[in-house]
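Please see the structure below; I have some questions.
The values are calculated or read from the model by the stated rules, or taken from the named source; none is laboratory data. Computed from a predicted structure; not experimentally measured. FYI the Cβ positions are ideal-geometry reconstructions off the backbone, even for glycines, and counts take in every protein chain you see.
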Amino acid sequence: MECVAIRIIGIDPGLRITGWGIIELAGSRLIYVASGTVRSNDKAPLASRLRMLHEGLAEIVASYRPDEAAIEEVFVNRDPQSALKLGQARGIALVVPALASLPVVEYAANLVKKTVVGAGHAEKTQVAMMVKVLLPKWQTDAAQKLSADAADALAVAITHAHHRRTPMVRGA
């Protein structure tokens, strides 16, 4: 049996900025592929902002052709209107990979932090630091701005790589 690399997209949903990160899992090795953010215009109507997120994520999925998707579950302590808007952005983050026929798995933020850092209440800076350790090519990629949103998305992808259930073998 031959080991095959699985390409995973991690998504950290947000209405203003949605982070995305793509890794490959080859055996037990994690390989950085790409990452970045999709932004919506704060001044645009909500429907237009959601369309911007949809189009941006759809372009990324079409370009990088991941095999699986992982989304961070969003927990919001703010006012109900902000929570509703964030939920709509999260819906876009869920439906784009689903429309591409990808299996989509959701992970709680505490599980992502615990998987990547070892502590469920880690700070964003700790998550970014561990992503750099686990994916050294990420920090040397000249085009990468090392944004916190991309780091969070890569952390979600790493979490999926560690918790996924599907065997990675070709042929039987």
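Specify which of the listed residues (Leu25, Leu53) is farther than 18 Å from Leu154 by Cβ, of a type in the set (A, V, I, L, M) and in contact with a strand residue (DSSP E or B) (Cβ under 6 Å, 6 or more places away or on another chain).
Leu53
Tell me yes or no: at least one residue of region 85-95 is outside any helix (DSSP H, G or I) and of a type in the set (Lys, Arg).
If we filter region 85-95 for residues that are outside any helix (DSSP H, G or I), which is where we start, we get none.
The answer is no; no qualifying residue exists.
Condition first: within 29 Å of Leu50 (Cβ to Cβ) and either of a type in the set (Ser, Thr, Tyr) or in a strand (DSSP E or B) (or both). Now tell me which residues in region 8-27 satisfy that. It would help to see each step written out before you state the result.
So the first thing to find is which residues in region 8-27 are within 29 Å of Leu50 (Cβ to Cβ), and the list is 8-23.
Those that are within 29 Å of Leu50 (Cβ to Cβ) and either of a type in the set (Ser, Thr, Tyr) or in a strand (DSSP E or B) (or both): Ile8, Ile9, Gly10, Ile11, Asp12, Ile17, Thr18, Gly19, Trp20, Gly21, Ile22, Ile23.
Listed residues Gly10, Gly21, Gly27; which is on the phi > 0 side of the Ramachandran plot and in contact (Cβ under 8 Å) with a residue 60 or more places away in the chain?
Gly27 is the lone residue from the list that is on the phi > 0 side of the Ramachandran plot and in contact (Cβ under 8 Å) with a residue 60 or more places away in the chain.
Which of the numbered conditions does Leu102 fail, given that it passes all the others? Conditions: (1) touching a Ser or Thr at 6+ places or on another chain (Cβ under 6 Å); (2) of a type outside the set (Ser, Thr, Tyr); (3) not in a helix (DSSP H, G or I).
(1)
Looking only at region 49-83, which residues are surrounded by 12 or more Cβ atoms within 10 Å (Cβ to Cβ) and among the polar types (S, T, N, Q)?
Listed by number, the list holds a single entry, Ser82.
Collect the residues in region 89-136 that are surrounded by fewer than 19 Cβ atoms within 10 Å (Cβ to Cβ), touching a helix residue (DSSP H, G or I) at 6+ places or on another chain (Cβ under 8 Å) and among the basic types (Lys, Arg), keeping them in residue-number order.
Those that are surrounded by fewer than 19 Cβ atoms within 10 Å (Cβ to Cβ), touching a helix residue (DSSP H, G or I) at 6+ places or on another chain (Cβ under 8 Å) and among the basic types (Lys, Arg): Lys124, Lys132.
Which numbered condition in (1) closer than 19 Å to Ala108 by Cα; (2) modelled with pLDDT under 95; (3) in a strand (DSSP E or B) is the only one that Leu30 fails?
(1)
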